[in-house]
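Reviewing the structure listed below.
The values are calculated or read from the model by the stated rules, or taken from the named source; none is laboratory data. Since this is a predicted model, take the numbers as computed values, not measurements. Note: ideal-geometry Cβ built from the backbone for every residue, glycine included; neighbour counts use all protein chains shown.
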Amino acid sequence: MRLMNIFAVLVLAPVLFLFVSGCSDSAPRQPVMEQPLNPAVLQILRSLAKGHKDKTQLAFLADFKGLSKSVSRFNSYMSHSQGKLLKELKAWARKHRVKLHYFYRPGLYGKAQKIIADDEGSLLLHSNAADFQKRYLVMMYMDYSWQFAMDKAAQKQAQKNQAGPGLLHYLHNAIAVNKQSLADLWKLLERYQWQKSVPSGSAK
């Protein structure tokens, strides 16, 4: 029995040591942590999440306003694409424990923003079919232009901060969707002759 104990100390102990050492060396490495999210980017992401949600809600309302076939097709695309972007952004936020709850800034500027948003919502809600479609197209073109600008600004800052691929993938998709939406909206505005001049900048 004593010889077996000596054998275990002299022979098995070095083997066990090598085995344990090998296991520690082969342990999977922890994934590289992403850079902390820039507060300015976080503020934009909250605005983008709100924008996605607002557009899906507006698309639902628009279905009851008697849209023309061409505008109705865009409305369906808006509902689907914005809902998909919102889902992608929420999935990223859950994974990284980021809160996307939007709130207006304190002070007069935030109050003014809320007043404008409430007035625009009320105007669309109480518009008859003909007026709704005109206001819908104009407001959505302006809203998509602003959202497209926020996408590009957030992408530039996220790349500078070496953000992870998940956020950059979402922003890439958002830019593609909103750029296409701007082009579609401009064609609709031209068809109904509510705009005459050539769009500039990002809408091309």
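For (1) aromatic (Phe, Trp, Tyr); (2) closer than 17 Å to residue 44 by Cα, each residue gets a yes or a no:
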| site | (1), (2) |
| --- | --- |
| 124 | no, no |
| 144 | yes, yes |
| 161 | no, yes |
| 173 | no, yes |
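Total residues in the range 92-136 satisfying the condition of being assigned to a helix (DSSP H, G or I) and in contact (Cβ under 8 Å) with a residue 40 or more places away in the chain: the figure is 10.
For the condition loosely packed, with under 15 Cβ neighbours inside 10 Å, modelled with pLDDT of 95 or more and within 21 Å of residue 41 (Cα to Cα), residue 87 qualifies.
Take the conditions (1) touching a residue at least 24 places away in the same chain (Cβ under 8 Å); (2) part of a helix (DSSP H, G or I); residue 65 misses just one of them, which is (2).
Does residue 159 meet the test of being modelled with pLDDT of 85 or more, more than 26 Å from residue 63 (Cα to Cα) and either over 22 Å from the mean Cα position of the chain (by Cα) or among the polar types (S, T, N, Q) (or both)? Judged against the criteria, residue 159 is a match. Among the residues making up the range 152-168, those that are touching a residue at least 40 places away in the same chain (Cβ under 8 Å) and at negative phi are 152, 153, 154, 157, 158, 161, 163, 164, 166, 167. Within the range 113-142, the set of residues being touching a helix residue (DSSP H, G or I) at 6+ places or on another chain (Cβ under 8 Å) and among the basic types (Lys, Arg) comprises 135 only.
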